[in-house]
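Comments concern the structure below.
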Amino acid sequence: MSSMRPYRRHPRTWRRGALTVVILAIAVAAAFPLVWMVLSSLKTPEESMQVPPVWWPGSPNLNAFTEVAGVVNLGRSFVNSAFIALVTTVAIVVTSLMAGYAFAKYRFKGRDWLFAVLIATMFLPPIVTLIPLYRLTGYLGLNANLLGVVVPNLANAFGIFLMRQYIKGVPDDLIDAARVDGASEFLILFKIVAPSVLPAIAALTLFAFVYHWNSYLWPLTVLQGNTDQYPIVISLSRLLSYNRGAMNTGLVMAGATLAVLPPVILFVFLQRFFVDSIVATGVKG
Amino acid sequence: MTGRQTRSTIGMLAPATGLIAIFVLVPMVLTIGLSFTQWSTQTGFETASFVGLANFADLLGPTSIGRDFRAAFANTAIYTALSVVLILPLSVMLGLLVHQTFAPGGILLRTVLFSSYMVPMIAVALVWSKLYSPTEGPINQMLGWVGIPPQTWLSSPRTALVSIVLLNVWQQVGYFTVLAVAGLTQIPRSLYEAALVDGASAWMQFWRITLPLLRNTLLFSAVIAVINAVQVFEPVALITQGGPVNSTNVMTYHIRRVGIERAQGGLGSAMAVTLMLSLIVVIVLLFTLLRDRGEQR
């Protein structure tokens, strides 16, 4: 072996170095749009209009950010987005835990059939149900109102599926022991089952929060142009029409940077659970 | 089953099942029913009048209704096919880079790729509309450095749809990469060790072991990629409004425009049903083409 080393070592080191360079190059290219977004938000309007484009802001400043606040009601939009994302996320976690528990641990007639129907809705593009849903929320008096954004999204099939996958792994003995002690089913779910599937709860929290923070089609439809109720993503789209052309690039980029921050920050903290949950639902499912 | 068990089963299932029934299943059934009617979205369901297959006949007919719809359908088909064809190989290639431990940087790459999946599509559309800018955008500038002439990107009917596909691939590929990594971790190491003993090259190992064993992962990825692709809306609504010359008018945008903005609820529903049926056909086709046929391989 030792006599082979000098021959093998050199090409191995070289190949490792080359592969590292390739990986870093792809990472840089993939990060480029977001880096460009942040850099552009710090440029002066003159820099944004230069041809060829300037990459690095000469005198970085936050003027664009204060200007955004003058064009759209930034504070209100953020509160609206936070309301939508938080309420749906909490509700989805609770309803998914309950239904996931029932599908994982109860035996009842029609269980697999009901589960299949629910899972099928996971693959339904929202546009297919958009038109009647819009009328339905109108009947319920929810249109042009934040509640109209939230109410149809308090439960989803993906959450149920994810929770069922994880709760299946909770030992039956643990649940039976609590039943013998006379604990109610809800107590068992929230005191025993939920704490043992915390990674799944973390993943679902991230999925639901990001999905509803980012969602655009349904809020745009149900809010009927009521700008007071707009979440940040819809307010952002108004920035572009506010002043078309290169003049407003800094403004648009500042708005985009602000909207991107909450989901990306959440992702940085919960990344591990997210990736694990994709493994659990994507492959074994 | 005792009474207590029945009660807790119903109690646990009622919230989620009830909500999904009211806000997904009922609208689904309504969409199908409304597709056979003429109905203004501004009025109650009771105003819908049965017209049989007239809406579907319009979609296939020679009027502008049919022409616009078929253009949107074709654009969506092209968009979907391009997305899948780009995303699947990229996700496997990037997945191999993230999964390998020979060189450092895999986790960094995964983090960067997945971060863009967290970004609201509306922000992606805004940023890319500036990146694509023919004169002030950095993409044409970089192309210039390597001697490629400036491209028209979003401003020409020839390139607009492809430009939107590219920004969509950038946003989504991180998710599919993680799916590919999940598939790669399921492949037993012993297979590669045996192949090494037999003197199989890395190239051969990829085609004979890795790719065949990723079949189910790729099937799942393809289905998700198709379903995601037909949902493209934000870049079209925000930047191109379906143009230039209808070249980016896609189904989600078109159905919303007809069914909500023009309030032609019956016609819009017929389009939604057609989209749903086409999706089912595509997914069934993907399953028959890609599903693991057990012993045969």
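Side notes on the structure shown:
- Long-range Cα-Cα pairs in the range B:109-185 (distance over 20 Å), rounded percent: 42
- Computed FRET value (nearest 0.05) for residue A:224 with residue B:26, which takes r as the C-beta separation and R₀ as 30 Å: 0.90
- Complex-versus-alone comparison for the range B:240-269, residues with a loss of 20 Å² or more in accessible area, probe 1.4 Å: B:252, B:255, B:256, B:260
- Report summary: the helix-based calculation at 222 nm, which adds -39500 (n - 2.57) for every DSSP H run with n ≥ 4 and divides by the residues of chain B, gives -20500 deg cm²/dmol.
- The residues of the range A:45-179 expose, per residue, 44 Å² of accessible area to a 1.4 Å probe.
- Sequence-separation-based contact order of chain A, relative, with Cα cut under 8 Å and 6+ spacing, percent: 31
- Straight-distance crosslink candidates among lysines, where the alpha carbon sits under 19 Å from residue B:130 and sequence neighbours closer than 8 are dropped: A:43
- Chymotrypsin sites (Phe, Trp or Tyr not before Pro) restricted to the range B:86-150 and DSSP loop, no more than 15 other C-beta within 10 Å: B:102
- For chain A, a Gaussian network of Cα nodes joined below 10 Å ranks A:250, A:70, A:110 by mean-square fluctuation, and the top entry is A:110.
- Each distinct pair of alpha carbons in chain A adds a 1/r term; the inverse of their mean, the Kirkwood radius, is 22.6 Å.
- Where N is the number of residues in chain B, Cα Rg divided by 2.2 N^0.38 Å: 1.23
- Solvent exposure of the range B:83-249, expressed per residue, is 39 Å² of accessible area, with all protein chains present and a 1.4 angstrom probe.
- Cross-link partners of residue A:191 among aspartates and glutamates, defined as those whose alpha carbon lies under 19 angstrom from its own and excluding same-chain residues fewer than eight positions apart: A:172, A:173, A:176, A:181.
- Per-residue [θ]222 nm for chain A (sum of -39500 (n - 2.57) over DSSP H runs n ≥ 4, rounded to 500): -23500 deg cm²/dmol
- Exercise: per-residue mean of other protein chain Cβ atoms within 10 Å, A:119-126: 6
- Under 5 Å between amide hydrogens, built in the peptide plane, is the criterion, and for residue B:37 it picks out B:51 among residues at least 5 positions away or on other chains.
- Treating each Cα of the range B:155-263 as one equal point scatterer and applying the Debye formula with no solvent, the log10 of I(q)/I(0) at q = 0.09, 0.12, 0.19, 0.22 Å⁻¹ comes out as -0.41, -0.60, -0.95, -1.12.
- Values of log10 I(q)/I(0), in the order q = 0.17 Å⁻¹, for the range A:121-173 under a Debye, Cα-only, solvent-free model: -0.66
- Relative contact order for the range B:83-249, counting Cα pairs under 8 Å that sit 6 or more residues apart, in percent: 34
- Candidates B:147, B:105, B:268: whichever shows maximal mean-square fluctuation once chain B is modelled as a Gaussian network with Cα springs under 10 Å: B:147
- For the protein assembly as shown, the carbon plus sulfur part of the accessible surface works out to 66%, probe radius 1.4 Å.
- Per residue of peptide A:271-277, the mean number of Cβ atoms on other chains within 10 Å of the residue Cβ is 3.
- Peptide B:25-32, shielding by other chains (average Cβ, 10 Å cutoff): 6
- Spatial separation of Cα centroids for the range B:223-242 and the range B:111-150, in angstrom: 17
- Here the translational diffusion coefficient of the range B:83-249 follows from Stokes-Einstein with Rh set to the Kirkwood radius across Cα pairs; for 37 °C and 0.692 mPa s it amounts to 184 µm²/s.
- Long-range tail of P(r) for the range B:143-189 (Cα pairs > 14 Å, %): 68
- Panel note: contact residues of the range A:250-269 (accessible area lowered by at least 50 Å² against the chain on its own; 1.4 Å probe) correspond to A:267.
- Normalised per residue, the volume of the convex hull around the Cα set of the protein assembly as shown (Å³): 199
- Whole-Hz couplings from phi, Karplus 6.51/-1.76/1.60, listed for the range A:157-170; x for Gly and Pro: 5, 4, x, 4, 4, 4, 5, 4, 4, 7, 5, 3, x, 6
- Accessible surface buried at the B:A interface totals approximately 8100 Å², computed with a 1.4 Å probe on protein heavy atoms.
The values are calculated or read from the model by the stated rules, or taken from the named source; none is laboratory data. Computed from a prediction, not measured in an experiment: that's the story for all the values here. Reconstructed Cβ throughout: ideal geometry from the backbone, glycine too, with neighbour counts over all protein chains shown. The protein model used for the area step is the full one, side chains on, heavy atoms only, and it has no ligands, DNA or RNA in it. Shrake-Rupley method; radii C 1.70, N 1.55, O 1.52, S 1.80 Å.
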